[in-house]
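Colleague: Before I ask anything, here is the structure I am working with.
The values are calculated or read from the model by the stated rules, or taken from the named source; none is laboratory data. These numbers come from a predicted model, not from an experiment. Cβ sites come from the backbone with ideal geometry, for glycine too, and all protein chains shown count toward neighbours. Calculation scope for accessible area: heavy atoms of the full protein, side chains included, ligands and nucleic acids excluded. Shrake-Rupley method; radii C 1.70, N 1.55, O 1.52, S 1.80 Å.
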Amino acid sequence: MLGYIWQYVYTSFLRYWLKWLIRQATGKCELQRICSGYKPGATRTTKAEYSLRSSKNKVLRGALETNKDKLEQCLDQIMKEKSVKPQKDPLFKESLHICLLQITGYSSLYISVEDLRKEVFNSDNQEHEAMLLKLWDLLMPADKLESRITKQWGDIGFQGDDPKTDFRGMGLLGLINLVFFSENYTEEARQVLSHANHPKLGYSYAIVGINLTEMAYSLLKSGALKPHFYNTVLGTPELRHFHQLYCYLAYEFDKFWVAEEPESIMQFNQYREKFHDIIKMHLQDPEVSLTLTVRSKN
């Protein structure tokens, strides 16, 4: 209770006067101090985001929802509101610009990911079908499908004869992530598949991949992935950056699973949560970078 009271008093009264006093002493507003005091990355962008969100100024708060094509105008308005002179602080505008690209880009990325998640796999859609068949060809180049609906799909970890039923939870997003990993990290994806087909330590490759897509989606939705993207994308995060994050999760989960040596696939949920906790712990590090270190083909 005391913590909530202190937070209210600080944000409602003390913070404003503290900022005012520091500005009088340094001649710089809070945003200037953040942009000049921290290197590009999660710490700087997170502090800038908090400063903008906590501001009583509508222009500053509105910057968090500004379209990319209007950022230049928004930056000029902020500099006017905060009386920042370009000649006195020539690096401020560009530094804040990068922060705003990351902040607004994260929101846009979530919308794009959500749209793909909501898009249902449609076997009448030629693009959807081509993507599914491409996944097979990338993972099983030496084996040809006997037919579109076949038990062979179980060889890459689908549950039934027709994979379309397995995409219900994550929609087209689950398939796109599987294909992206297989296309850009083909050798690693086949290695993971070989582990998944191990007679004792095996798991359903595709189903687990879709499950890891849900993990990535949930982390994105909660905002937990902000430090990662703020550290790894010096600008607007895009869909390919989300797919690359999935590749990291797929590769690292396989390493984790093999190292843990679960007694049975029935323990999957237990180990999945343990891996999830490890990822969330990594995301607490302001220098976090969940990046697959093997070289991509692209």
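Colleague: For the stretch 158-195, what are the residues that are farther than 13 Å from C247 by Cβ, of a type in the set (A, V, I, L, M, F, W, C), assigned to a helix (DSSP H, G or I) and in contact with a Ser or Thr (Cβ under 7 Å, 6 or more places away or on another chain)?
Modeller: Filtering the stretch 158-195 down to residues farther than 13 Å from C247 by Cβ leaves 158-175, 190, 193-195.
Those left that are additionally of a type in the set (A, V, I, L, M, F, W, C): 158, 167, 170, 172-173, 175, 193.
So of that shortlist, the ones also assigned to a helix (DSSP H, G or I) come out as 167, 172-173, 175, 193.
Correct list: L173 only.
Colleague: Same structure again: I need a count of the residues in the stretch 149-167 that are of a type in the set (K, R) and surrounded by 14 or more Cβ atoms within 10 Å (Cβ to Cβ). Break it down stepwise before answering.
Modeller: Going residue by residue through the stretch 149-167, those that are of a type in the set (K, R) are 151, 164.
Applying the additional criterion that residues be surrounded by 14 or more Cβ atoms within 10 Å (Cβ to Cβ) yields 164.
Qualifying residue count, the stretch 149-167: 1.
Colleague: Exactly one condition in (1) under 21 Å from A206 (Cα atoms); (2) assigned to a loop (DSSP other than H, G, I, E, B) is not met by S289; state its number.
Modeller: Here S289 clears every test but (1).
Colleague: Can you name every residue in the stretch 49-72 that is open to solvent by less than 90 Å² (accessible area, probe 1.4 Å), more than 14 Å from Y106 (Cα to Cα) and touching a residue at least 12 places away in the same chain (Cβ under 8 Å)?
Modeller: Those that are open to solvent by less than 90 Å² (accessible area, probe 1.4 Å), more than 14 Å from Y106 (Cα to Cα) and touching a residue at least 12 places away in the same chain (Cβ under 8 Å): S51, L52, S54, N57, V59, L60, G62, L71.
Colleague: Out of (1) crowded, with 19+ Cβ neighbours inside 10 Å; (2) out of contact with any Leu (no Cβ under 6 Å at 6 or more places or on another chain), the odd one out for H198 is which?
Modeller: (1) is the only condition that H198 fails.
Colleague: Let me ask you something else. Can E114 be described as surrounded by 13 or more Cβ atoms within 10 Å (Cβ to Cβ), at pLDDT 95 or above and of a type in the set (D, E)? Walk me through how you get there before you give the answer.
Modeller: Values: surrounded by 13 or more Cβ atoms within 10 Å (Cβ to Cβ): yes; at pLDDT 95 or above: yes; of a type in the set (D, E): yes.
In short, yes.
Colleague: Tell me yes or no: at least one residue of the stretch 100-107 is closer than 21 Å to L173 by Cα and either open to solvent by 60 Å² or more (accessible area, probe 1.4 Å) or touching a helix residue (DSSP H, G or I) at 6+ places or on another chain (Cβ under 7 Å) (or both).
Modeller: yes
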